[in-house]
Amino acid sequence: MLGHSTDPRRLIAPVLNRIIQRFFGGSDADSKNVAEPVLIPRPDHPISRKDVSKNALKVLYRLRDNGYDAYLVGGCIRDLVLEHSPKDFDVATNASPDQIKKAFRNCRLIGRRFRLAHIVFGREIIEVATFRSGHSDAGKNDAHTDAQGRILRDNVYGTLEEDVLRRDFTINALYYNIEDFSIVDFVGGMRDLNDGVIRLLGDPETRYREDAVRALRAARFAAKLDFTLHPATAEPLPRVGEWLAQIPAARLFEEVLKLFQSGHAIRSLEELQRYDLLRFLFASLDKRLKDEHLLSTTLTTLALKNTDLRVAQEKPITPAFLYAALLWPDIQIRAAEIGAQENLPPVPAIHAAADEVLAEQVRQTALPKRFSMPAREIWAMQPRLEQYTGKRALKNLEHPRFRAGYDLLVLRANAGEPLKEMADWWTEIQESPEVAEQMAMARQKNAARTRPPRRRRGGRRRGPRQDTPQD
Ligand code: ATP
Ligand code: MG
């Protein structure tokens with residue numbers, strides 16, 4: 001795999017500069033969105049076949065041997081040029097889904113509206129898409145979009161040139177041709193990769209109207225790659241809110257995972273705040289951060305740093321813990337109010353607060369039940385861990401959510417809540433041999449009780465697992 005040792009842009013800059021001089025001439029920024037193909041031959045770019053998944057190569061060769069054009073495309077090319085390890089490899093071709101299916105025994109066609117082919121190699125899936133036409137600069141009156149300019153129809157097959165223009169950013173619109181190992185660059189993607197620029201293809205306002213998730217993607221790539229948004233790409237962002245509100249909450253949840261669970265959560269938060277986009281994902285958190293609510297600010301930073309560290313160490317992470325930490329101050333405030341109003345003890349008050357806070361949150365990002373249930377348990381564990389004396393306290397050690405509950409307690413203590421003594425007590429108790437044994441037995445019991453989640457058919461392995469307990 002490729003190394004991350006130093007800033008890859010610095011390493012590859014001389015190579016890219018040579019390419020740019022040779023193929024693009026000077027630095028005329030406006031020529032980048034003009035669809036003029038530039039072929040960058042193998043000796044002039046850094047992508048080597050040894051860095052490409054063997055299975056992706058097999059797919060490319062098989063398509064080519066069947067007489068079709070086949071390219072690697074999108075994020076994998078961007079990442080390979082930057083000397084990052086791609087998460088997955090996507091292929092674009094002029095073969096139709098049925099033709100792809102005929103060429104591969106291990107092919108599954110997915111999607112009703114737009115059919116994609118998944119070529120399955122054990123745990124690795126190579127996604128193969130037929131060239132599509134979808135992008136339109138015509139805006140409102142175009143047949144592809146509704147009255148607001150939102151994309152309705154992107155299920156029309158097209159040419160390579162059309163496929164380029166439906167993509168979001170120049171850096172995501174590079175194609176690697178298996179025929180001659182060249183990179184095909186219609187839009188100045190190589191130059192933007194070299195300059196560290198995120199630039200939407202086409203007219204930015206139209207492209208955000210078509211699909212407002214592109215605003216979140218812009219922030220995400222800026223965070224992930226440490227790039228800057230081109231001014232024209234950043235300019236419409238204060239106006240995307242209205243369009244982003246139309247996006248299904250389930251899709252926004254997927255974006256939250258990519259923003260906050262891919263190893264660059266802290267940078268993602270910074271970019272979302274820079275462009276004032278956080279309010280569309282976590283309205284109440286955004287408000288608390290803007291109000292400089294101290295616990296929220298520190299807890300959020302610690303939780304995101306902790307997640308980044310766990311991703312770097314390849315430890316399991318779960319959205320349940322992420323949401324439990326980000327929403328904790330809301331839960332705490334509401335539980336105190338409800339407890340006082342209705343004279344409820346702490347745990348039922350937390351459950352009542354969780355009902356409200358989760359109902360509000362899932363309207364923005366639809367956290368599935370399999371994550372909101374454990375988040376509730378993590379919250380409900382807090383008052384139990386705060387009353388730490390006696391045998392009943394030790395019973396908590398056997399709870400399946402003990403470890404995540406304890407992790408939140410430690411985060412809260414580190415964020416300034418007066419819980420340090422309790423957190424230390426729980427840390428020490430876990431280190432005593434008898435307790436360690438008790439916990440190991442409880443873990444075994446819990447593991448036997450909970451069956452592993454079934455793998456979703458058609459699901460694609462992407463990034464670290466999101467459904468394992470954070471312990
Ligand atoms: P990642 O490393 O996060 O997977 P990626 O660029 O591969 O980044 P994907 O979501 O896997 O992102 O999408 C693959 C490609 O599909 C992108 O590189 C881009 O060309 C295109 N694409 C994805 N989402 C959009 C969108 N909303 N609008 C236009 N093009 C998109
Ligand atoms: Mg991808």
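Only the coordinates and a few stated rules stand behind these numbers; no lab work does. These numbers come from a predicted model, not from an experiment. Note: ideal-geometry Cβ built from the backbone for every residue, glycine included; neighbour counts use all protein chains shown.
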In whole Hz, with x marking every Gly and Pro, tabulate ³J(HN,Hα) for the range 391-400 from phi via Karplus 6.51 cos²θ - 1.76 cosθ + 1.60, θ = phi - 60°. 5, 4, 4, 5, 4, 4, 4, 8, 5, x
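Order the peptides 370-381, 353-364 from the highest to the lowest mean number of other Cβ atoms within 10 Å of their residues. It would help to have the intermediate numbers written out before the result.
On the way: 370-381: 21.2, 353-364: 18.0.
Per-residue mean Cβ counts within 10 Å order the peptides as 370-381, 353-364.
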If amide hydrogens are placed 1.01 Å from N in the peptide plane, which non-local residues have theirs closer than 5 Å to the one on residue 197? 228
Cut-off under 5 Å, modelled amide H: who pairs with residue 38 long-range: 185, 186
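Taking other Cβ within 10 Å of each residue's Cβ, how do 50, 395, 101 sort, fewest first? Before the final figure, lay out each step's value.
Working: 50 7, 395 13, 101 17.
Going from least to most buried by this count: 50, 395, 101.
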Residue-wise, which Karplus ³J(HN,Hα) couplings in Hz belong to the range 213-228, taking 6.51 cos²θ - 1.76 cosθ + 1.60, θ = phi - 60°, and x for glycine or proline? 4, 4, 5, 5, 5, 4, 5, 5, 5, 4, 5, 5, 9, 6, 9, 10
Show me the chymotrypsin sites (Phe, Trp or Tyr not before Pro) within the range 275-349 that DSSP assigns to loop and that have at most 10 other Cβ atoms within 10 Å of their Cβ. none
nm² value of the averaged projected area, convex hull over the Cα atoms of the range 265-309: 2.8 nm²
Exposure proxy ranking, count of Cβ atoms within 10 Å, fewest first, for 206, 297, 427, 318: 427, 297, 206, 318
Within straight cross-link reach of residue 58, meaning Cα distance under 30 Å, which lysines are found once same-chain residues fewer than 8 apart are removed? 50, 87, 101, 102, 224, 258
On the principal axes of its Cα set, how long, how wide and how thick is the range 253-349? Give whole Å, largest value first. 44, 30, 23
Tabulate in residue order the Karplus-calculated ³J(HN,Hα) for the range 353-366, using 6.51 cos²θ - 1.76 cosθ + 1.60 with θ = phi - 60°, rounded to whole Hz; enter x for Gly and Pro. 5, 4, 3, 5, 5, 5, 4, 5, 5, 5, 5, 8, 10, 6
Output the Cα-based Rg and Dmax of the range 293-446 in Å, rounding Rg to one decimal and Dmax to a whole number. 15.5, 45
